[in-house]
Structures are given as structure tokens and as C-alpha cells.
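Encoded as C-alpha cells, the structure appears first; notes follow it.
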Amino acid sequence: MHRQRCVLRYHPSSGGGPMTTGRKLKLDLGDVQETMLWTLYHRATEARDPETVLHDPWAVQLVETIEYPFEKRFGTPTAGQAQWQALRARCFDEEIRRFLARHPDGTVVALGEGLETQFSRVDNGRVHWLSVDLPEVIEVRRRLRPDDAPRQRSLACSVLDDRWMTGLDGSRGLLVTARGLLMYLRPTQVHGLIAACAERLPGGALLFDAVPSWLSRRSTLTPRRTPTGYRFPPWLWGVDAGETARLQALHPNIVDIREIRPPRGRGPVYRFLVPLIGTVPGVRGRKVMSIMIVRFGPSGAPAPSRAIPPDPPDLPRR
């Protein structure tokens, strides 16, 4: 597996900025983990636009804080790429805000959060937030943005390690998010994770995004690259009508699966064309991303917890 040396330097800041240490932090990133810098870079690019679709000053500050060859590694972001990343994040933001409107003291569990800054965008002053990611990623998060206990915590473990489900209080509402994550897992792992959530998190919901199955297959056959040579990791799992039906049948406590329409963006493509693709029969399946929510019934199944299939040796744990 390719490893990329990432050097983080903490510059002096004020007003609640990233934590300063005066030292460099060196981090070996796997292909999947490096995507957290890709999405951060594009969100920050969009946030700098005067007409941005996503107010995200933290993303801008983090990119300015991290010493990393963003442009050399990823290339110059196009306006379309940057806006699309921001619209994905905004769609999740809006769904979380709807959840918090119903459950102001609820718990949000952000799986594979990377360097996402979502808590700062949606915090209502009462939500409890748990970020779950790999130890090397959580180390970076804690240095750049320390936990704000007791409402904001982080847990260093694989999302496939069901320890993160232990002790969650769903009595005031529970929402699990997985943005930019599940497509990097194998189908059996996605199924095991969703079934475990249905069984152990009654009354909760899982919000995630997914690429279509045809695009997942294409990415494994023809690797995607930027003009600068950055190679995206393949998408191992995707959704179509058949896969959605399989998800519905994973566990008896899955009571609803629905797709969420992304917000309209700026310009003719994201204001008109992209929303239209998701509604017109015949072209609906050609969209490049779906955002979906799975809801679980109020009482879990009586069967004992089933283990989530482990990562195979060649798959980075995300």
C-alpha cells in the first residue's frame, strides 16, 4: 500500500485557532487516509469564495496551518470540484440540523471524520459529538483541534471495531454519520457495519454517502488520477436498486431507507442540472453520488451482537 509522508507544522494562532506546539508532526498516511486532506483542501477552496455554498472558516484555517504540498500533490482545485465537496458537506449539515431540531440534546457519532469541521458548523450548544477514526488520524485531530469535553470527544479505533458503539446513549436521539467512508470498505464490511448498527443502536439512524455501483466497478478497473499524478484509492462498494434492497434486508430492525436530495448550489450546473439528474427516469442512475439515511426501529433484535467482518490484510482500515 502506498504511504505518503505528511508533515504538519503548527503556526501561532489566536482566537480559538489550531493548537500550537512549535514542533512538526510527521504522519505516514495510507491512500484512504490521505483523502481527508483532499476533501479539506477542496472545502477550504470553496469557503474562500465570496459566494460560497458552505461557510467553513475552520477549513480555511486548517489548510493554512498544515504544512503540506496541497497543490503539488492534488493539483489546482476546479470551482466545480470544490463546490461539489462543499455541497456534500452542506447536505450532511442540513440533515444533522434537522436531527438536532427534533433532538437538541442528541448524540452524533461521526465515523471516519478525518479533518472534517462539521461540529463547529452545526453545534447547537447541547449536542454530544463522538468522532471515530484511526489512531494516527485522531492524533492529528487532537493536536489541531483538541476535544472539547464533555460534549465533544474522539475515539481512536477502526470504524469496524464495534467498541465505538459501547455506552452510547440513544435515549435523547442518536445519529451516526459516515461521509466519504463506506465506498472504501468491501461490501461484506459495509453490510456488517450497517447490520451491527441496526442491532445495537435501536431508534437511531445512519447517514452516509455512496457512489453508484457502475462507478465503483470503473474505479477498480481504471484508477482515477489527477494531472499531478495523485492516484485516488478505488471505491470498493457502490449502490444501485439491487444493493438498496439488500441493505433493507440486512436486519429486521432496519425500518426505512431513503435518499436525500442535495441542496442546490451556485451556477447552472449545481443549481439546475445536478438536481435534475436525480429526478429524471433514465438518467437518475448516472449521478455520481447518493446521500442516504437508514433508520432503525425502536427496539433491537434479541440476537447477540454479530462481529463485523475484519479488514483483509491488503485493505487500509478506515
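Since every read-out is calculated from the coordinates, none of them should be taken as a lab result. If you're wondering where the values come from, they're calculated on a predicted model, not measured in any experiment. Positions of Cβ are backbone-derived with ideal geometry, glycine not excepted, and every protein chain shown enters the neighbour counts.
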In nanometres, the difference between 0.36 nm per residue of separation and the alpha-carbon distance of Ala79 and Val269 is 67.3 nm
Whole-Hz ³J(HN,Hα) from phi, Karplus 6.51 cos²θ - 1.76 cosθ + 1.60, for segment 93-98, glycine and proline x: 4, 5, 5, 5, 4, 5
List every residue whose amide H lies under 5 Å from the amide H of Glu67, counting only residues 5 or more places away in sequence or on a different chain, with H placed 1.01 Å from N in the peptide plane. Arg9
Going by the alpha-carbon gyration tensor, a ≥ b ≥ c the square roots of its eigenvalues, is segment 79-296 rounded (a/c under 1.5) or, if a/c is not under 1.5, prolate (a/b greater than b/c) versus oblate? rounded
Please give the peptides 146-158, 38-50, 62-74 ranked by average Cβ packing (other Cβ atoms within 10 Å per residue), highest first, as a rough proxy for protection. 38-50, 62-74, 146-158
